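Engineer: Here it is, the structure in full.
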Amino acid sequence: MQYREQFRNRLNQLKSENRYRSFVELERQAGRHPHASWNGPQGRHDVVIWCSNDYLGMGQHPAVVNAMQTAIGHCGSGAGGTRNISGTSTAIVELEKALAALHQKPRALVLTSGYVANEASISALAGLLDNVIIFSDEMNHASIISGIRYARCEKSIFRHNDCAHLESLLQAQPLDRPKIIIFESVYSMDGDTGPIAEIAALAQKYNALTYLDEVHAVGMYGDQGGGVAQMHGVADKIDIIQGTLGKAFGVFGGYIAADDVICDAVRSFGSGFIFTTALPPALAHGALASVQYLQSSGAERARQQTQANRLKQKLRDAGLPLLEGDTHIVPVMVNNADICSQICQILLNERHIYVQPINYPTVPKGTERLRLTPGPFHTDAMIDDLVDALQMAFERVAAETTQQTG
């Protein structure tokens, strides 16, 4: 067989569909978020990042950086192995206590990423329940889909945020059949939120466990940064809250927060936990510092919301195709993969604005977009410059498209 030829053909197909991911070499600069250095074909340039998941700039916060630097001096760089083989670092123990307190759960379990947390937890928990069925929102993240796949159990997909459809699916199952409902609080591509209270009520009515992915909400919402469930006062209605330490908390890692038996089940049966090297102590110390800081400070969240609302209004005023939502994620719809890539290149090459195109399979074909994530360190002037650059890029690409087809 011509193995490499088949690989090459599939790669060429990605390129022909404008879905091939081209990486831009950026170097983040401590203390200058959202600025970064772009090592491009014409040399080194300063750029402004508009699509980072470091939503609050905590990845460069002095409290976080200092905690990590001190920890490296004390503990070195790595974890040395899995938590079973090399021992559980004190930093992870303290981080898990802080995360459990943040979500008001008896316990938390730290894993190496949000993706791994979903994949390991879902597959382990579902695998321990006889004849379980999983109900999953159709817009759930790839890591949730992977966890369900590895669980090798029956699944039922409900229409996005459609509680009536979910209830009809639940009604069709015996009340005593094990069920897990999996959904998200903030959906990262559209920027909308899940109906947490309504789904929790359905779970109680139909005897189901609830599993809530809060990765794009932890640190961002709630009076202590516990997420949308905390903001709405319904965290106690959710059985398992899953989060990340790599977005608003600005470090790295993932976790679940739940009761003792659920966390222990994942700890004891989750392959992604058991067989993976533990989070290094320095990362755990940095994440702990970030969690503790954002529990006591709401200034970053408030400023972020102010700037997100300002950007949305500027986009509306400019007539740009904003997808409306109630979160910090600001999608600008392009609906064409080639045009989406062209706009991003214009922004980067001519205005030194870094935004990556969001194409299939991350979003359905025909819904390609720019996913903007304004933060507390994006100034009013940066917002004005971005909107002006977007207008220019949209108009130029439209004119060129008309010329080519006319």
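The values are calculated or read from the model by the stated rules, or taken from the named source; none is laboratory data. Note that the structure is a prediction, hence the values are computed from the model and not measured. Positions of Cβ are backbone-derived with ideal geometry, glycine not excepted, and every protein chain shown enters the neighbour counts. These area figures cover heavy atoms from the full protein model, side chains too; ligands, DNA and RNA do not enter into them. Shrake-Rupley method; radii C 1.70, N 1.55, O 1.52, S 1.80 Å.
Engineer: Nearest 0.05, what FRET efficiency do A101 and E198 give at R0 = 30 Å with Cβ-Cβ as r?
Structural biologist: 0.65
Engineer: Can you give the extra length, in nm with one decimal, that the chain gains between I72 and H35 once fully stretched, where that is 0.36 nm per residue apart less the Cα-Cα distance?
Structural biologist: Additional length available on full extension: 10.7 nm.
Engineer: What does the convex hull of the Cα atoms come to per residue for the stretch 250-406, in Å³?
Structural biologist: 177
Engineer: Under the √(5λ) rule applied to the eigenvalues of the Cα gyration tensor, what semi-axes describe the equivalent ellipsoid of the stretch 73-135? Give them in Å, descending.
Structural biologist: Semi-axis lengths for the stretch 73-135 are 27, 16, 10 Å.
Engineer: For the stretch 313-406, compute Rh as the Kirkwood radius over C-alpha pairs and then the Stokes-Einstein diffusion coefficient at 4 °C and 1.567 mPa s; write the answer in µm²/s, rounded to an integer.
Structural biologist: Approximately 94 µm²/s, per Stokes-Einstein.
Engineer: Heavy-atom accessible area per residue, the chain, 1.4 Å probe: how many Å²?
Structural biologist: The answer is 45 Å² per residue.
Engineer: Still on this structure, please answer the following. What FRET efficiency would be calculated for the residue pair D162, N53, taking the C-beta separation as r and a Förster radius of 25 Å, to the nearest 0.05?
Structural biologist: The formula returns an efficiency of 0.40 here.
Engineer: Can you check how the C-alpha radius of gyration of the stretch 266-347 compares to 2.2 N^0.38 Å, as a plain ratio?
Structural biologist: Normalised Rg, Cα atoms only: 1.70.
Engineer: For the stretch 150-293, which whole-number percentage of the solvent-accessible area (1.4 Å probe, protein heavy atoms only) is attributable to carbon and sulfur atoms?
Structural biologist: 52
Engineer: Which order do Y360, Y221, Y3 take by accessible area at a 1.4 Å probe, largest first?
Structural biologist: Y3, Y360, Y221
Engineer: Any chance you could list the semi-axes, whole Å, largest first, of the equivalent ellipsoid that the Cα gyration tensor gives for the chain, using √(5λ)?
Structural biologist: 35, 27, 22
Engineer: Of the DSSP beta bridges with both residues in the chain, give the percent that are antiparallel, rounding to the nearest 5.
Structural biologist: Beta bridges within the chain, antiparallel portion: roughly 60 percent.
Engineer: So between A381 and E350, what do we pick up on full extension, going 0.36 nm a residue minus the alpha carbon distance?
Structural biologist: Contour length minus Cα-Cα distance gives 9.4 nm.
Engineer: Along its principal axes, what span do the Cα atoms of the stretch 44-96 show, with the longest given first and each in whole Å?
Structural biologist: Between the extreme Cα coordinates on each principal axis of the stretch 44-96 lie 44, 23, 21 Å.
Engineer: Relative contact order for the chain: what is it in percent, counting Cα pairs under 8 Å that are at least 6 residues apart?
Structural biologist: 21
Engineer: How much accessible area does E324 have with a 1.4 Å probe, in Å² rounded to the nearest 10?
Structural biologist: 100
Engineer: Among M333, M220, what's the order by accessible area (1.4 angstrom probe), most exposed first?
Structural biologist: M333, M220
Engineer: Additional query: From the protein chains alone at 1.4 Å, what is the descending order of accessible area for R152, R351, R10, R19, largest first?
Structural biologist: Result of the area sort, largest leading: R152, R10, R351, R19.
Engineer: Apply the Kirkwood formula to the stretch 176-296: the hydrodynamic radius equals the inverse of the mean of 1/r over all pairs of different alpha-carbon atoms; give it in Å with one decimal.
Structural biologist: Final number for the Kirkwood radius of the stretch 176-296 is 15.2 Å.
Engineer: While we're here: Set the Förster distance to 45 Å, then compute FRET efficiency between Q403 and K155 from the Cβ-Cβ distance, nearest 0.05.
Structural biologist: Here the calculated transfer efficiency is 0.40.
Engineer: Also, I was wondering about something else. Kirkwood Rh over Cα pairs of the stretch 74-225 into Stokes-Einstein at 37 °C, 0.692 mPa s: D in µm²/s?
Structural biologist: 194
Engineer: Taking the highest mean first, how do the peptides 83-91, 122-130, 225-233 order by number of other beta carbon atoms within 10 angstrom per residue?
Structural biologist: 225-233, 122-130, 83-91
Engineer: OK, next. In the Gaussian network model of the chain, springs joining C-alpha atoms below 10 Å, which of Q29, Q104, Q304 carries the largest mean-square fluctuation?
Structural biologist: So, out of Q29, Q104, Q304, the one fluctuating most is Q29.
Engineer: I've got another one for you. How long are the three semi-axes of the equivalent ellipsoid for the stretch 36-162, computed from the Cα gyration tensor as the root of 5 times each eigenvalue, in whole Å, largest first?
Structural biologist: Equivalent ellipsoid of the stretch 36-162: 33, 25, 15 Å, largest first.
Engineer: Quick one: of K312/K365; K179/K205; K97/K179; K314/K365; K105/K237; K155/K365, which pairs are farther than 18 Å apart, Cα to Cα?
Structural biologist: Violating the 18 Å Cα-Cα cut-off are K312/K365; K97/K179; K314/K365; K155/K365.
Engineer: Would you calculate a helix-derived [θ] at 222 nm for the chain, using -39,500 (n - 2.57) for each DSSP H run of n ≥ 4 and dividing by the full residue count, to the nearest 500?
Structural biologist: Here the helix-only value at 222 nm equals -14000 deg cm²/dmol.
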